[in-house]
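Worksheet: one structure, shown below.
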Amino acid sequence: MLLYKHLCRSSSAEHEIGGHVILFSHNPFHVLKSQKNAVEAQGFNPGLIVLLVIGGLLLSFLIGNYALYVYAQKTLPPKKKKPVSKKKMKKERLKQGVSAPGE
């Protein structure tokens, strides 16, 4: 075990750049604490944040549209039908076989 620690220390080198200690290791199984801390310090993925914001806005837009549609269906009066012209009424009566009065 002592030999392993000695090998790990001898295969890694420390350099200080701008107040940060950078460790270089030639051992692939050597887990560096500075790398572990750097991963934890990153925070959320920016792409995930953008996706959540856009998805939230889209979802709120769709829910708002549905709520306005339901409210309009309940509160607005039913749509009025267009009045039927006299010519169309005469044609309807002739098709049914009833003669129009005065003809």
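Let's see how each residue does on (1) exposed (fewer than 10 other Cβ atoms within 10 Å of the Cβ); (2) in a helix (DSSP H, G or I); (3) among the polar types (S, T, N, Q):
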| residue | (1), (2), (3) |
| --- | --- |
| LEU58 | no, yes, no |
| TYR66 | no, yes, no |
| ALA72 | yes, yes, no |
| PRO77 | yes, no, no |
| PRO83 | yes, no, no |
| LYS87 | yes, yes, no |
| LYS90 | no, yes, no |
| LYS95 | yes, yes, no |
Next on the checklist: So if I check each of PHE29, PHE24, which one is of a type in the set (Phe, Trp, Tyr), at pLDDT below 95 and surrounded by 10 or more Cβ atoms within 10 Å (Cβ to Cβ)?
Outcome noted: PHE24
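The values are calculated or read from the model by the stated rules, or taken from the named source; none is laboratory data. Since the structure is predicted, the reported quantities are computational estimates derived from the model, not experimental observations. Cβ sites come from the backbone with ideal geometry, for glycine too, and all protein chains shown count toward neighbours.
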